[in-house]
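Step one of this worksheet: look at the structure below.
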Amino acid sequence: MDVGAVAAALEDARFDAQQASRYEDLADEVRGPAELAEWERIAELLAAAVPGTVYEQDVDDVVQAELATDAAAAREAELREAARIAARADQLQELRGLGILGQAEPAEGDQAVRDELTRRAGGYVQADVDSWVAHALAARRGHYRDPAAREAAASMAEVQDRTV
């Protein structure tokens, strides 16, 4: 972006901030002030640079650091979710070994846990786990009390039935 494009974007951000300040329901909005601060930062970078310099996000250290932080946070969230799924799979596997899988209360994400158990079994679909999920879904137990959760699980089951 050249100086003119940055100046126009900065003016737009200032106008948006001014408009938002007039509405009480937008007072707690954080995106507008953050966007304005970022355009001000970019404008300052170009003002301090050699005339004719253009702004490039790919070489902006601040942007690259934010992207790296976002990627690390996303990876950490993925790892936490994988650990949660593995722990729940271990729990269901233990209940299964004790013969009391049917007593387990369904929880959010059990479809992913079912997939993990199938992966652990070398791709073999385990009938007792599927039966437990189907029964919990039909009985609207635990997580499946929520209509949206039932619909998501039912559509997942339909997709799996077509792929088997």
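Below is a table of values for the structure above.
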| read-out | value |
| --- | --- |
| Lys, Arg +1 and Asp, Glu -1 on Cβ, resulting dipole of the chain about Cα centre, debye, nearest 20 | 1220 debye |
| Relative contact order computed over region 1-94 (Cα-Cα under 8 Å; 6+ residues apart), in percent | 31 percent |
| Linear extension gain, R22 paired with Y124, 0.36 nm per residue minus alpha-carbon span | 30.7 nm |
| Förster radius 45 Å - calculated FRET efficiency between S131 and L67, Cβ distance, rounded to 0.05 | 0.50 |
| Solvent-accessible area per residue, Å², over the chain with all protein chains present [probe radius 1.4 Å] | 67 Å² |
| Full-stretch length increase - A139, R14 - with 0.36 nm per residue and alpha-carbon distance subtracted | 39.5 nm |
| Value in Å of the Kirkwood radius, where region 1-44 supplies the Cα pairs that are averaged | 10.7 Å |
| Cα lying deepest toward the dipole's positive end in the chain, options L67, A13, G123, charges on Cβ | G123 |
| Extension gain (nm, one decimal) between R84 and E105, 0.36 nm per residue minus Cα-Cα | 6.0 nm |
| Protein accessible area in the chain, 1.4 Å probe - carbon and sulfur % | 56 percent |
| Which of A107, V133, A149, positive extreme of dipole for region 58-164 (C-beta unit charges) | V133 |
| Amide hydrogen neighbours beyond the local backbone of A107, cut-off 5 Å, H modeled | H143 |
| Loop chymotrypsin sites (Phe, Trp or Tyr not before Pro), region 39-132 (other Cβ atoms within 10 Å of the site Cβ: 14 or fewer; DSSP) | Y124 |
| Rg to Rh, two decimals, where the chain supplies the alpha carbon set and Rh follows Kirkwood | 1.25 |
| Student exercise, region 10-53 dipole from Lys, Arg, Asp, Glu Cβ charges, in Debye to nearest 20 | 200 debye |
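The values are calculated or read from the model by the stated rules, or taken from the named source; none is laboratory data. These numbers were taken from a predicted model, which means no experiment stands behind them. Every residue, glycine among them, receives a Cβ derived from its backbone with ideal geometry; neighbour counts consider all protein chains shown. Accessible surface is based on the protein model in full, side chains and every heavy atom, while ligands, DNA and RNA are left aside. Shrake-Rupley method; radii C 1.70, N 1.55, O 1.52, S 1.80 Å.
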